[in-house]
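S.K.: I'd like to ask some things about the structure below.
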Amino acid sequence: MKTLFTGIQPTGELHMGNYFGAVKNWVMLQDSYKSYFSIVDYHAITIEYEPAEMQKKIFDLACGLIACGINPDTSRLFVQSEVPGHADLTWIFNSVTPIGELERMTQYKDKSQQHRKNINVGLLDYPVLQAADILIYKAEVVPVGEDQVQHIELTREVSRYFNRRYGDVFPEPDALLTKTPRIVGLDGSAKMSKSKGNSIALFESREEIWEKLRPAATDPARIKRTDPGTPEKCTLWSYHVLFSPEAEQKEIHEGCSTAGIGCIDCKKKLLENVMNEFDPLREKYYTLQSKPQEIRDKLDTNAQACRQAAAATIREVKEKMGLKPLWKI
Ligand code: SF4
């Protein structure tokens, strides 16, 4: 069985974009691989954050991932900083990675624009930590969105740089692109993201979701109820494609194109289908929230297993490098 690694930052609530763009796919893949799902808190600290909220965010994210179907008993769901080998290997990889490779990363350029007052070394080194996250478990498969493909290519290069210098240790992992295209935010202008205020969180109530869907922009050509529209020009149609049964999609497409259905009715149908998908997840999420010790125990057990797997790789790496391995952890 091949090994799969992927990570998600504890930066806020899981939203529809995370769910369709990543988590739903991970749930489908998890039993076909030896799967590692990491809550990557070391990545999250490269931008401003509130330390007092960090553990709550980690806990909420763990509950969210389990509610969506990640199985912490068969997959390794764990917190990155609880496995020190990730940081060890990052430092080792720093010594084989040319700085120019990092400076050309699109995400580094974007983030250093967004966080001009805090362009720290961690922002630049982020992809090396990512390479360490993946390679410490010798993962061969990394499910990612298109915006992360450049980082997986860098991981492959880091693997080559190390292997050339010290001998074969690491595989060259492949990116596994999710089939779902990037989920557009409610404003229709950009990728869904909590920081842009254009997201629908998975565990929001019906009322909260309706408050977001009701005023959402539709096809601008539908000024009056009697104006026919083009569903493909409407963000909400792209959500119907994700949530609504095929027969209903057909009805809505036709209704919109012929002005047979108004936008409010269309949004109400969408709300029903969103709730059909998210209601069971939300119920599970709040049940898990009432069992913090159980969740903590699962994260601890998985971190321990990850520490052992990571220590085996670090031992092998240090031996190749002429460094003294620690035999006890
Ligand atoms: S009817 Fe539906 S798909 Fe058509 S413009 Fe209105 S909200 Fe969008």
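S.K.: Using Cα springs under 10 Å in a Gaussian network model of the chain, which residue among V128, V40, V27 shows the largest mean-square fluctuation?
M.R.: Highest fluctuation among the options: V27.
S.K.: Under the rule of -39500 (n - 2.57) per DSSP H run of 4 or more residues, summed and divided by the residues of the chain, what mean residue ellipticity at 222 nm is obtained, to the nearest 500 deg cm²/dmol?
M.R.: Estimated from H runs of four or more residues: -16500 deg cm²/dmol.
S.K.: Let me ask you something else. Along each principal axis of its Cα atoms, how long is the chain end to end? Whole angstroms, biggest number first, please.
M.R.: 76, 44, 40
S.K.: Right, here's the next one. Could you list log10 I(q)/I(0) for segment 37-157 at q = 0.17, 0.20, 0.21 Å⁻¹, which the Debye formula gives when each Cα is one point scatterer?
M.R.: Once normalised to I(0) and log-transformed, intensities are -0.98, -1.30, -1.39.
S.K.: Okay, next question. Could you state the number of Å between the C-alpha centres of segment 199-222 and segment 1-68?
M.R.: Value for the Cα centre distance between the two parts: 24 Å.
S.K.: Neighbour counts of other C-beta atoms within 10 Å: give me R225, R182 arranged from fewest to most.
M.R.: Lowest count first: R225, R182.
S.K.: Another one. Report relative contact order for the chain in percent, whole number only (criteria: Cα-Cα under 8 Å, sequence separation at least 6).
M.R.: 22
S.K.: Which listed residue (F78, Y42, W26) has the Cα farthest towards the positive end of the charge dipole for the chain, taking +1 on Lys and Arg C-beta and -1 on Asp and Glu C-beta about the Cα centre?
M.R.: With unit charges placed on the Cβ atoms, the residue in question is Y42.
Since every read-out is calculated from the coordinates, none of them should be taken as a lab result. Since the structure is predicted, the reported quantities are computational estimates derived from the model, not experimental observations. As a convention, Cβ positions derive from the backbone with ideal geometry for all residues, glycine included, and neighbour counts pool all protein chains shown.
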